[in-house]
Amino acid sequence: MARKKIREYDSKRLLKEHFKRISGSDLEIKSAQVTESTDFNQLVDKEPWLSSTRLVVKPDMLFGKRGKSGLVALNLDLAGVAAFVKERLGKEVEMGGCKGPITTFIVEPFIPHNEEFYLNIVSDRLGCSISFSECGGIDIEENWDKVKTIFVPTGVSFTSELCAPLVATLPLEVKPVIEEFITFIYALFLDLDFTFLEMNPFTLVNGKPYPLDMRGELDDTAAFKNFKKWGNIEFPMPFGRVMSPTESFIHGLDEKTSASLKFTVLNPKGRIWTMVAGGGASVIYADTVGDLGFASELGNYAEYSGAPNEEEVLQYARVVIDCATAEPDGRKRALVIGGGIANFTDVAATFSGIIRALREKEAKLKASRMSLYVRRGGPNYQKGLEKMRILAEEIGIPIEVYISIVVVETCANCSKAKKAYCLICLGCRFMDLRQP
């Protein structure tokens, strides 16, 4: 699974929209989202309670400890919320060692309360861990000894017997309410393919549970079956991470295709760049570069998979090559075009897209003193690799093409151990990059 964080607003939206379907009763949650483009007059028309209720406002930026950081305002009217947002919108803050601007807020009713409970559900390989405490709130970490946890194996029904250790110390008058709430939240967690859900705290309003603060993560690989349930869901970048224009372009391509196209710039001035087919192979290639002592020279992480068509690969390769050849400084560079052995991706077709991009960028490749190292297996791999060989002769750029899938223990030249997917002794090849 791929765990993707979602905003608190979306976590509560999903909870409100689906709780009745799961439980048969409404959960009276109200929330509104505020960004730079928000018109408060239009927002009030959509959410009339904003003008008649005391409010809470806080950033909705995928970081915690907002209360301890002075980023939560309580018991305001709408004018106070607008002033709070205006003062902080776009301002850079530092949280957990990351800096970034605040771009999104969540506004909710102010709920006076005495009780604060904690609930956390986390999915892992064999099931789900459910944690609960009657001592929730901003000091939950100082009261971690009061948190009780159970494990529910995959496929096992959640029963009162399983839940009993969590609610054992609750007063009798609230125990059945809390137990029922945990049961319904766990069912909703599974139904919507959450991978992480935390309410810290939730309280009781008129005897009914009400989440005051909530965090959620979804398994985005389950989007194909949940797109109607999730609605217009957003998977924001982690706080402090802002996409470059090239990364945004690839992200846009990725959203429009059934294939997978990923690209992250690690070091714009790096001299080793990769264009690797397959998620596992792309990680191994990046790890190999680091293992060989060239992590500081690794320019990017890149992965394409899922049988992208030639045009998609062409657009993808253009971006990678443009970044890899930017600002030539006279020193040698390397581009590794590789991957594992494909099951169904037509290697010749994807290589045709890459070759078109290499032809277009011939001048840039030569100006940056780029050498290419190519290795790929799968359907039509012989045809694809032969095209690469012919290209090297035509455009006069150093391109080494490898077919062998035999892995040897060490290289006779540098005694570096080889990695399974590398099949090129990158240690030897990259030594040239240390030279002027």
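A compact table of results
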| read-out | value |
| --- | --- |
| Rounded to 10°, Cα long-axis angle of helix 245-255 versus longest principal axis of the chain | 70 |
| Part-to-part distance (alpha-carbon centres) for region 217-291 and region 140-161, which is given in Å | 33 |
| Inter-label distance for Asn232 and Asn380, nm, one decimal - labels placed 7 Å from Cα along Cα-to-Cβ | 3.9 |
| Exposure of Val177 as accessible area (Å², to 10), given a probe of 1.4 Å and all protein chains | 40 |
| Calculated [θ] (222 nm, deg cm²/dmol) that DSSP helices of n ≥ 4 give over the chain, each run adding -39,500 (n - 2.57) | -10500 deg cm²/dmol |
| Karplus-derived 3J(HN,Hα), 6.51/-1.76/1.60, for each residue of region 353-366, Hz, glycine and proline x | x, 5, 5, 4, 5, 5, 5, 4, 9, 3, 5, 5, 4, 5 |
| Region 73-167 - percent of accessible surface contributed by carbon and sulfur, probe 1.4 Å | 55 |
| Stretch gain in nm, segment Ile395-Ser260, where the contour uses 0.36 nm per residue and the Cα spacing is subtracted | 45.6 nm |
| Of Phe132, Ile390, Ser160, farthest towards positive along the dipole that unit charges on Lys, Arg, Asp, Glu beta carbons give the chain | Ile390 |
| DSSP-loop GluC sites (Glu not before Pro) across region 1-58, with at most 14 other Cβ within 10 angstrom | Glu28, Glu36 |
| Heavy-atom accessible area ranking, 1.4 Å probe, most first, across Arg241, Arg333, Arg125 | Arg125, Arg241, Arg333 |
| The chain, relative contact order in percent, only Cα pairs under 8 angstrom and at least six apart counted | 12 |
| Cα-centred dipole magnitude for the chain, charges only on beta-carbon of K, R (+1) and D, E (-1), debye, nearest 20 | 1520 |
| Heavy atoms of His251 accessible to a 1.4 Å probe, total area in Å² rounded to 10 | 70 |
| Per residue value of the accessible surface for the chain (all protein chains in place, 1.4 Å probe), Å² | 48 |
| Cα gyration tensor of region 49-194 - equivalent ellipsoid semi-axes, whole Å, descending | 33, 19, 15 |
| Karplus-derived 3J(HN,Hα), 6.51/-1.76/1.60, for each residue of region 89-99, Hz, glycine and proline x | 4, x, 7, 7, 10, 10, 9, x, x, 10, 10 |
| Cβ charges +1 (Lys, Arg) and -1 (Asp, Glu), total dipole of region 304-352, debye | 300 |
| Eligible lysines near Lys208 by straight Cα distance, threshold 20 Å, same-chain separation 8 or greater | Lys12, Lys16, Lys20, Lys30, Lys175 |
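The values are calculated or read from the model by the stated rules, or taken from the named source; none is laboratory data. It should be emphasised that the depicted structure is a prediction, and the values quoted were computed from it without experimental measurement. Because the Cβ atoms are built from the backbone with ideal geometry, glycine has one as well, and the counts that use them run over all protein chains shown. Note: accessible area is taken over every heavy atom of the protein model, side chains too, but ligands, DNA and RNA are not part of it. Shrake-Rupley method; radii C 1.70, N 1.55, O 1.52, S 1.80 Å.
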